[in-house]
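Read-outs throughout are calculated quantities, based only on the coordinates presented, and are distinct from any laboratory measurement. These figures come from a predicted structure and were not determined experimentally. All Cβ positions, glycine included, derive from the backbone under ideal geometry; neighbour counts span all protein chains shown.
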Amino acid sequence: MSTPIAYFVAVSAMLFAIGTVGVLIRKNALVIFMSVELQLNAVNLTLVAFSRMHGNLSGQVLAFFSMVVAAAEVVVGLAIIVTVYRRRRSASVDDLTVLRG
Amino acid sequence: MLDLVWLIPLLPLVGAAAGLLLGRRLGKAAGWLATGLVGLGFVLAVATLLDLLGLPADQRVHVADLFDWISVGTFSVDVALRVDPLSITMTLVVTGVGALIHLYAIGYMDRDPRFGTFFAYLNLFVFFMLMLVLADNYLLLYVGWEGVGLCSYLLIGFWFERPSASSAAKKAFVTTRIGDAAMLLGIVLIWLHVGSLDFGAVFGRGASELTEGTATAIALLLLAGAIGKSAQLPLHVWLPDAMEGPTPVSALIHAATMVTAGVYLVVRSHVLFELSGTALTVVLVVGLVSALYAALASIGQFDLKRALAYSTMSQIGFMFFATGMRFYTGAMLLLVCHAFYKALLFLTAGNVLHGLHDETDMRRMGGLRADMPLSAAWFTIGALSLAGIPPLAGFFAKDQIVGFAATSGREVAWVLASLGAFLSALYIARPLFLTFFGRRRGEEHAHEAPAPMQAPLAVLAFLTVVGGLILGLTAEGGRLARFLEPVVGAVEDGEAALSDAALISISIVLAVAAVAVAFWVWASGRVDWEAFPQRQPELAGWLANAFYLNTLYAWLVQVPGKAFGRALTVVDDRVIDGVVNEFAEDVVEASGVAPRIQRGYVRSYALAFLLGAVALLLFLGLRA
């Protein structure tokens with residue numbers, strides 16, 4: 001007897017919502033970054049869950065892909081944040097308004 | 001040697017490549033290299049001629065098939081060279097006279113900073129000219145045809161720092177291009193109706209399949225190309241202006257070889273022209289009218305080179321005239337002899353220009369024979385030959401053509417041609433007397449050209465003296481006529497109302513009379529010819545401006561062209577630019593609003609992103 005799919009989707013939706021709110025309301029770039037990771041993993045969870053439900057491995061393989069990409073993205077993203085912090089002594093995204101029209 | 005004929009055009013091509021790539025490093029050697037390669041080509045051409053003469057007369061055709069060039073569906077063209085009496089005659093003229101003119105140019109162009117480039121262009125010209133005459137199909141001929149046009153453009157505009165030279169070059173290019181476009185259409189027509197462009201197929205199988213109407217269309221289109229290249233009416237306006245080029249170029253391209261390509265084309269395609277009687281008549285009329293027109297125009301010129309240019313046009317008119325009467329061997333004899341004496345005349349004119357520091361106005365010359373005895377001798381030989389004084393080459397060639405008009409029963413044409421012959425003698429004796437005889441009008445002392453420039457002239461003068469005797473003693477039995485017979489057929493025999501002796505006498509009397517008149521008017525000092533333009537401004541204006549055809553063309557082409565251009569400018573400024581400018585202004589205005597959206601806060605971007613994603617999902621969800 002397996003756990004019904006609805007639980008997985010519900011957890012995933014909650015994680016995604018937390019991540020989204022985090023991205024929207026936090027100021028620290030690092031925290032925003034972590035929230036993005038939360039969103040990514042919420043999606044990974046649905047991928048794996050649906051993959052299991054359909055008995056099809058594609059979803060799980062895709063989850064691995066997205067983890068690898070996320071890892072690569074973290075490397076670049078963190079490097080940017082560290083560089084920005086070194087130059088400005090701040091990781092607050094509200095200070096980064098150079099592109100204001 | 002017949003299979004190695006491709007070496008003949010290859011040599012000048014190598015020379016052109018070497019000259020263009022290493023021109024500066026070669027220095028003066030560039031001239032000798034170019035001359036040597038063309039001279040070697042002449043030696044090979046003589047060897048080919050000997051091989052050809054070793055064959056029986058009816059087998060003197062050899063096609064050297066080099067490689068497949070284009071092969072698309074049923075359309076296939078080879079790069080193939082045709083060696084037959086006609087093409088080898090042209091090859092000998094191009095390489096022989098060409099080598100002499102190259103040799104002359106070494107001295108003439110001595111001080112030019114672009115010495116190597118000049119010889120590269122000359123060699124390139126010889127290459128294309130050889131491709132033109134040796135090609136075995138119309139497409140390859142067309143390549144050569146356009147190639148010589150390109151070289152003509154490059155060489156007329158060789159001193160492009162002078163605006164007159166560069167515009168003359170453009171004029172020559174554009175004017176001949178009108179004819180070339182028609183010629184290309186003719187070639188397409190040939191392919192459509194015969195299915196092949198090879199001379200063998202077109203003149204053999206193809207000729208029997210063509211209807212008279214098609215043949216007329218093809219022949220007239222080809223003729224348009226020939227008229228453009230050979231500077232006949234009405235596409236002649238470029239030739240006098242082409243004299244802006246260096247004199248060796250005028251001698252080689254605009255007198256001896258390229259401008260006679262039209263004659264070659266018509267003679268080569270005579271089978272097509274004969275299928276259509278109309279086309280032959282057109283050739284005859286165009287030739288005769290051009291000959292008379294240019295003769296009159298030449299008499300009105302005071303620029304030495306322009307006078308010679310109109311005389312070239314007139315002589316080529318005689319060649320067309322002969323071709324139109326189906327007297328192909330006569331046309332070819334005149335072509336060859338004309339190459340000798342016109343090259344001689346032009347190069348001697350080059351000596352005069354060289355000696356007088358580029359003075360070309362004959363009103364400031366006169367009496368130069370004292371300073372330049374050798375040049376005076378060369379010019380006299382050339383001029384008397386063109387005038388038709390026996391036994392010089394021009395006498396035989398021209399007399400046979402005029403005589404043929406009588407023996408073939410064309411009385412009106414004969415009278416007009418005789419008039420043309422008289423005018424020819426008059427217009428060529430005029431620069432002779434104005435330049436070398438009479439009273440000295442310029443102050444400057446002229447210096448005679450150095451020996452290296454005189455040597456080629458001596459050879460050309462020798463050829464002018466003996467060329468007619470060797471090649472064309474009589475119309476039917478001359479060596480050249482007999483040699484060309486397998487290609488163009490035997491000369492038709494006919495009976496004239498007058499005996500041959502009478503015809504020849506008339507011809508000689510006319511020539512002598514014309515020279516005498518010219519001497520009386522321009523050298524005896526008894527006629528005040530310098531006052532003529534004041535006394536007869538109308539007539540002098542018509543002659544000097546060649547009947548204002550240039551002005552007429554300017555009115556017909558330039559004025560509507562400029563008006564059209566101005567109209568287009570308005571469209572461009574108001575409509576096309578207007579739309580773009582209006583659009584640009586709108587964008588600028590809109591961009592005043594757009595920046596306000598860019599707040600610079602990451603979270604506002606993220607929110608927009610989220611709302612967008614939600615909206616998209618809703619949209620997709622509701623649609624499903």
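The dipole here belongs to the protein assembly as shown: it is taken about the Cα centre, uses +1 on the Cβ of Lys and Arg and -1 on the Cβ of Asp and Glu, and is about 2660 debye. Using a cutoff of 8 angstrom between alpha carbon atoms and counting only pairs six or more residues apart, the relative contact order for chain B works out to 12 percent.
Computed from label points 7 Å out along Cα-Cβ, the spacing between B:L473 and B:V188 is 5.1 nm. The distance from the alpha carbon centre of region B:599-624 to that of region B:358-381 is 93 Å, rounded to a whole number. Please work out the FRET efficiency for the pair A:V9 and B:S604, using the Cβ-Cβ distance as r and a Förster radius of 30 Å; give the result to the nearest 0.05. Here the calculated transfer efficiency is 0.55. Region A:1-40 to region B:253-283: how many Å between their Cα centroids? Computed from Cα coordinates, the inter-centre distance equals 89 Å. Here the dipole of chain A is about 380 debye; that uses its Cα centre as origin and unit charges on the Cβ of Lys and Arg (positive) and Asp and Glu (negative). When the protein assembly as shown is described by a simple charge dipole with +1 on each Lys and Arg Cβ and -1 on each Asp and Glu Cβ, the residue from A:I32, B:V336, B:L471 located farthest towards its positive end is A:I32.
Think of region B:499-624 as a dipole: +1 on every Lys or Arg Cβ, -1 on every Asp or Glu Cβ, centred on the Cα centre; then among B:A531, B:V571, B:L549, B:V571 lies furthest on the positive end.
Dividing the summed helix terms, -39500 (n - 2.57) for each DSSP H run of n ≥ 4, by the number of residues in chain B produces a 222 nm estimate of -23000 deg cm²/dmol to the nearest 500.
Please work out the Cα center distance from region B:287-345 to region B:85-119, rounded to the nearest Å. Distance between centres, Cα-based: 21 Å. Close amide H contacts of B:A135 (hydrogens built in the peptide plane, cut-off under 5 Å, sequence separation of 5 or more or a different chain): B:R82. Against chain B, whose longest principal axis is taken from its Cα atoms, helix B:277-299 shows a tilt of about 80°. Counting every C-alpha pair in region B:441-488, the share spaced more than 13 angstrom apart comes to 69%. Checking every one of the GluC sites (Glu not before Pro) in region B:166-268 against DSSP loop status and a limit of 11 other Cβ atoms within 10 Å picks out no site at all. Placing +1 on each Lys and Arg Cβ and -1 on each Asp and Glu Cβ, with no other charges, gives region B:213-366 a dipole about its Cα centre of roughly 260 debye. Using a cut-off of 22 Å between alpha-carbon atoms, which lysines can reach B:K229, once sequence neighbours fewer than 8 places away in the same chain are excluded? Hits, sequence-local ones excluded: B:K170, B:K171, B:K305, B:K342, B:K398.
Taking trypsin sites (Lys or Arg not before Pro) in DSSP loop states with no more than 16 other Cβ atoms inside 10 Å as exposed sites, chain B has its longest site-free stretch at B:115-438. The value of relative contact order for region B:369-436, using C-alpha pairs under 8 Å at least six residues apart, is 35 percent. Computed from Cα positions, the angle between helix B:411-436 and the longest principal axis of chain B comes to roughly 90 degrees. You can think of it this way: the chain between B:F462 and B:L21 has 155.1 nm of extra reach, that is 0.36 nm per residue less the Cα-Cα gap. By definition, a body whose alpha carbon gyration tensor gives a ≥ b ≥ c is prolate when a/c is 1.5 or more and a/b is larger than b/c, and chain B fits this prolate description. Coupling constants for region B:66-74 follow from the phi torsions by the Karplus curve (6.51 cos²θ - 1.76 cosθ + 1.60, θ = phi - 60°), and in residue order they are 8, 6, 5, 9, 10, 9, 10, x, 8 Hz; glycine and proline get x.
Candidate cross-link partners of B:K28 among the aspartates and glutamates, defined by an alpha-carbon separation under 15 Å and a same-chain spacing of 8 or more, comprise B:D110, B:D112. Here the Karplus curve 6.51 cos²θ - 1.76 cosθ + 1.60, taken at θ = phi - 60°, turns the phi angles of region B:252-268 into couplings of 6, 8, 9, 8, 8, 10, 4, 5, 8, 4, x, 4, 4, 4, 5, 5, 4 Hz, with x standing for Gly and Pro. Of the chymotrypsin sites (Phe, Trp or Tyr not before Pro) in region A:55-101, which ones lie in a loop per DSSP and count no more than 11 other C-beta atoms within 10 Å? Answer by residue number: there is no such site. Candidates B:P373, A:S51, A:V11 compared by Cα position along the dipole of the protein assembly as shown: farthest toward the positive end lies A:V11, with charges placed on Cβ. Across region B:488-569, Cα-Cα pairs farther apart than 19 Å form 71% of the total.
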